[in-house]
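The values are calculated or read from the model by the stated rules, or taken from the named source; none is laboratory data. These numbers were taken from a predicted model, which means no experiment stands behind them. Counting neighbours? That spans all protein chains shown, and the Cβs are built from the backbone with ideal geometry, glycine included.
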Ligand code: ATP
Ligand code: MG
């Protein structure tokens, strides 16, 4: 479908990131709800036309594991770039994680398995098209009301990648050690970020700094923990009857291999027993999302 950006009606704000805001909008013609992201601050507005050309790649992406793209446009005398995309009613894993932390609602291994396999399928799809995501983290994994998990905000644009690289905005705590260290990296860097995301959802805590050490550390210190501290492992909590399977422990161990060259690729991990078992199982993801949104 083609939408006329000037006719879209704003329903409400969905969220805000470092680069701009995301709004829920309605197309009056079709009644369709969409998400509109406006990137307000890029390093070089003169490059906006090129950015728009790069974003055309998104039109060629079609996968149940990637958020659908409905077009990009320039607004406000070319000073802003707008991106229209599929609205995901469940929001991001970031907002769901916040609900989990607030309510103490834990997540089953089956749900973690479904999130893992969806992200790996999305990454594998992108990799086939020579794209590294570069920003896997809870806020860039969106969830539909039927509970499908989809990737957004991946590195299709060299212009956008360059405009945030080297700035603190471009630094994420989910970044793989090799990237923090400025070494060359590959699609395997995204696998580390997936590992940290799953670890946080499983334990309702970001694993750095390691538990028991001071909770509040300066951002730069946190990055040095990620590069030097022991990699996080899945922790059983027998007091609440929580014992992780050997399958998930082995899977997480592989995602969180510190060396970016020894860490497996998404394709390799798709045949891990934890993923195979999880994909063979019926998991009611819709019920999980609804329970969290209602909680
Ligand atoms: P950062 O700037 O660090 O990347 P972010 O990913 O949260 O942070 P945005 O990409 O601007 O920043 O997204 C802001 C929020 O908007 C997200 O956290 C998510 O909750 C919400 N959001 C983004 N896209 C959609 C969408 N298509 N459907 C529903 N909610 C969305
Ligand atoms: Mg985002």
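Just a few scattered comments:
- Every residue from segment 277-293 that is assigned to a helix (DSSP H, G or I) and surrounded by 14 or more Cβ atoms within 10 Å (Cβ to Cβ): 277, 278, 279, 285, 286, 288, 289, 290, 292, 293
- Verdict on residue 220 being modelled with pLDDT under 90 and outside any loop (DSSP other than H, G, I, E, B): yes
- Checking the stated criteria, residue 14 turns out to be within 14 Å of ligand 2 (Cβ to nearest atom), surrounded by 12 or more Cβ atoms within 10 Å (Cβ to Cβ) and farther than 28 Å from residue 127 by Cα.
- Any hit, segment 85-93, residues being part of a loop (DSSP other than H, G, I, E, B), farther than 27 Å from residue 123 by Cβ, within 12 Å of ligand 1 (Cβ to nearest atom) and touching a residue at least 24 places away in the same chain (Cβ under 8 Å): no
- Scanning segment 95-106 for any residue that is in a strand (DSSP E or B) and either at pLDDT below 95 or crowded, with 16+ Cβ neighbours inside 10 Å (or both) turns up nothing.
- Count of segment 25-41 residues which are within 13 Å of ligand 1 (Cβ to nearest atom) and surrounded by 17 or more Cβ atoms within 10 Å (Cβ to Cβ): 6
- Qualifying residue in segment 148-167 (condition: surrounded by fewer than 22 Cβ atoms within 10 Å (Cβ to Cβ), more than 10 Å from ligand 1 (Cβ to nearest atom), modelled with pLDDT of 95 or more and not in a helix (DSSP H, G or I)): yes
- Filtering segment 194-217 to residues that are out of contact with any helix residue (DSSP H, G or I) (no Cβ under 9 Å at 6 or more places or on another chain) and modelled with pLDDT of 90 or more leaves only 203.
- Within segment 1-53, considering residues that are touching a strand residue (DSSP E or B) at 6+ places or on another chain (Cβ under 9 Å) and part of a helix (DSSP H, G or I), the one nearest to residue 157 (Cα to Cα): 51
- Members of segment 75-94 that are within 14 Å of ligand 2 (Cβ to nearest atom) and closer than 17 Å to residue 115 by Cβ: 88, 91, 92, 93, 94
- Scanning segment 115-147 for residues that are within 11 Å of ligand 1 (Cβ to nearest atom) and assigned to a helix (DSSP H, G or I), we see that the one that is surrounded by the fewest Cβ atoms within 10 Å (Cβ to Cβ) is 139.
- Test: residue in segment 240-253 that is farther than 23 Å from residue 133 by Cα, in a helix (DSSP H, G or I) and at pLDDT below 95: yes
- Of the residues making up segment 95-130, those that are out of contact with any strand residue (DSSP E or B) (no Cβ under 8 Å at 6 or more places or on another chain) and within 16 Å of ligand 2 (Cβ to nearest atom) are 97, 98.
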